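Below: the structure, in structure tokens.
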Amino acid sequence: MFISSRKGGLQLVHRNYMYRSNLRRQGPEKNIVYWECAKNRTLKCRARLKSVGNSLYISNREEDHNHPCESLRIVDASKAGNVTYSDIPSLKNVNDRSKME
Ligand SMILES: [Zn+2]
């Protein structure tokens, strides 16, 4: 589940926390994307995820979030129609679509 912002950015939602990524694909098969908590800069939250293909891996322990989850914000986004369901390998397509809007 993803939330697209008005700027065309994309955030990953996992267990009611939001993550963002530069979407730079790494690794020998270019299928690894790193996600950091959306509060990484403002709150210095260190929780991170790694996705390989369509699978998510937790790089740090989930409890490393130093703030409550953002379920309210996620509910707001879904009411506003900003929520996208997609799989990770097709994220490029999601970005292309948001540019067209
Ligand atoms: Zn966090």
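Below, the figures for the structure above:
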quantity: Residue 45 long-range amide H proximity, modeled H, under 5 Å; calculated: 40
quantity: In nm, spacing of pseudo-spin labels at residue 46 and residue 26 (7 Å Cα→C-beta vector); calculated: 1.7
quantity: Phi to ³J(HN,Hα) by Karplus 6.51 cos²θ - 1.76 cosθ + 1.60 over segment 23-31, Hz, x for Gly, Pro; calculated: 6, 6, 8, 10, x, x, 9, 6, 10
quantity: Phi-based couplings in Hz for segment 75-80 (Karplus 6.51, -1.76, 1.60; Gly and Pro marked x); calculated: 5, 4, 5, 6, 5, 7
quantity: Förster radius 25 Å - calculated FRET efficiency between residue 34 and residue 80 (Cβ-Cβ, nearest 0.05); calculated: 0.40
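Every read-out reported here was derived from the displayed coordinates using simple, explicitly stated rules and does not represent laboratory data. All figures in this text were calculated on a predicted structure; none of them were measured in a lab. Reconstructed Cβ throughout: ideal geometry from the backbone, glycine too, with neighbour counts over all protein chains shown.
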